[in-house]
Structures are given as structure tokens and as C-alpha cells.
1. Exactly one of (1) among the basic types (Lys, Arg); (2) within 16 Å of residue 31 (Cα to Cα); (3) modelled with pLDDT of 90 or more is unmet by residue 127. Its number?
2. What single numbered condition from (1) at pLDDT 95 or above; (2) outside any helix (DSSP H, G or I) fails to hold for residue 67?
3. Identify all residues within the stretch 28-48 that are outside any helix (DSSP H, G or I) and either over 12 Å from residue 142 (Cβ atoms) or in contact with a strand residue (DSSP E or B) (Cβ under 9 Å, 6 or more places away or on another chain) (or both); write none if there are none.
4. Looking at residue 43, is it buried (at least 21 other Cβ atoms within 10 Å of the Cβ) and either modelled with pLDDT of 90 or more or of a type in the set (Gly, Ala, Ser) (or both)?
5. Surrounded by fewer than 20 Cβ atoms within 10 Å (Cβ to Cβ) and either modelled with pLDDT of 90 or more or within 19 Å of residue 136 (Cα to Cα) (or both): does that describe residue 78?
6. In this structure, does residue 72 turn out to be assigned to a helix (DSSP H, G or I), under 23 Å from residue 39 (Cα atoms), modelled with pLDDT under 95 and not charged (D, E, K, R)?
7. Any residue at all in the stretch 111-120 that's of a type in the set (D, E, K, R), within 21 Å of residue 18 (Cα to Cα) and in contact (Cβ under 8 Å) with a residue 24 or more places away in the chain?
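The values are calculated or read from the model by the stated rules, or taken from the named source; none is laboratory data. Predicted, not measured: the structure shown is a model, and the values here were computed from it. Here the Cβ positions follow ideal geometry from the backbone for every residue, glycine too, while neighbour counts run over all protein chains shown.
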Amino acid sequence: MDNDKIIGILNDLIEVCRDGQAGFREAAEYAESPDLKTFFKEQSLERAQCVGDLQQQVQVLGGDPDNSGSTAGAVHRAWMTIKGTLTGRDDKGILNECERGEDSAVDAFEDALRQGLPTNLRMIVEKQYLHIKGVHDRVKQMRDARSATAGRT
């Protein structure tokens, strides 16, 4: 695989991580539960670290790292804000949107891992993928728990 293609893949992942960073930061702002606020802030910081790690690898390859989120991510964040306004920004709705965003992130990382990255980069991307997949599953679990709790009231 040539250098430009690798840089392109990494820059796509940088966009995805920036989207997650901003999305979790926004979710923390609107979440009602202190526990959720903390969780979302932590995830935003984790995504910032992922961005930094990927940008460093792009620079090592001689490329220019992406410095912005994707258009789709901006649309997702805007939709999350609108939906939050319409639904009263309840935690379950925020978790639903976070899960949707994480679905996209998981898909993007799985796609990148199928591209045949060099071993050193594959290890970095796979580590980030496993973390993102774990966060996705945790968000889904928290959403489902809130659904179950709401069903009992």
C-alpha cells in the first residue's frame, strides 16, 4: 500500500475521532446525570488522545494531518443539538445519539483495518478500535439500562 493511501486512511480516522471528541463534549454539556457527564467528558478526552496519536503517525509518514471533523460529523452534532432541544435533552435520547455516532466510528475503524495497513499502524488502529468498540458497547448498555428503568416507572 502506498504512503498516500495510508495517510488518507489515517486522516479519515482522525476525522472520525474528532467527530467523537466533539460529540461526547456536547453530550457532556447536555447530559443530566453527573455520572454521564463525567463519562462523556472522559470519552471526549480519550478521542482527543486518539486524534493526537493518529496525527503523529501521519506526520511520521510525511503527510499533513487532518485538523477538522468530517461534514457528516458536523451534521450529526447539529442533529443531536436539534433533537436535544426537541426532546428536552433527556439522557436516554443523548445516549441514543451517542450510540449512533459510535456505530459510525466502529464501522470506519473496521473498514480501515480491512485495508491492509502496515503492522505498526495496524496495531495502533486496532488498539483504538477496541477502545471505541468498548465505548460503543458501554453506551448501548447504559441506554438499555435507562430504557428498562423507564419501563418500570
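1. Status for residue 127: all satisfied but (2).
2. (1)
3. 32
4. Working: buried (at least 21 other Cβ atoms within 10 Å of the Cβ): yes; either modelled with pLDDT of 90 or more or of a type in the set (Gly, Ala, Ser) (or both): yes.
Yes.
5. Values: surrounded by fewer than 20 Cβ atoms within 10 Å (Cβ to Cβ): yes; either modelled with pLDDT of 90 or more or within 19 Å of residue 136 (Cα to Cα) (or both): no.
When the stated conditions are applied, residue 78 does not pass them.
6. Numbers: assigned to a helix (DSSP H, G or I): yes; under 23 Å from residue 39 (Cα atoms): no; modelled with pLDDT under 95: yes; not charged (D, E, K, R): yes.
The answer is no for residue 72.
7. no
To keep it simple, each residue is scored yes or no on (1) surrounded by 17 or more Cβ atoms within 10 Å (Cβ to Cβ); (2) more than 14 Å from the chain's Cα centre (by Cα); (3) modelled with pLDDT under 95.
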{"position": "24", "(1), (2), (3)": "yes, no, yes"}
{"position": "30", "(1), (2), (3)": "yes, yes, yes"}
{"position": "49", "(1), (2), (3)": "no, no, no"}
{"position": "58", "(1), (2), (3)": "yes, yes, no"}
{"position": "63", "(1), (2), (3)": "yes, yes, yes"}
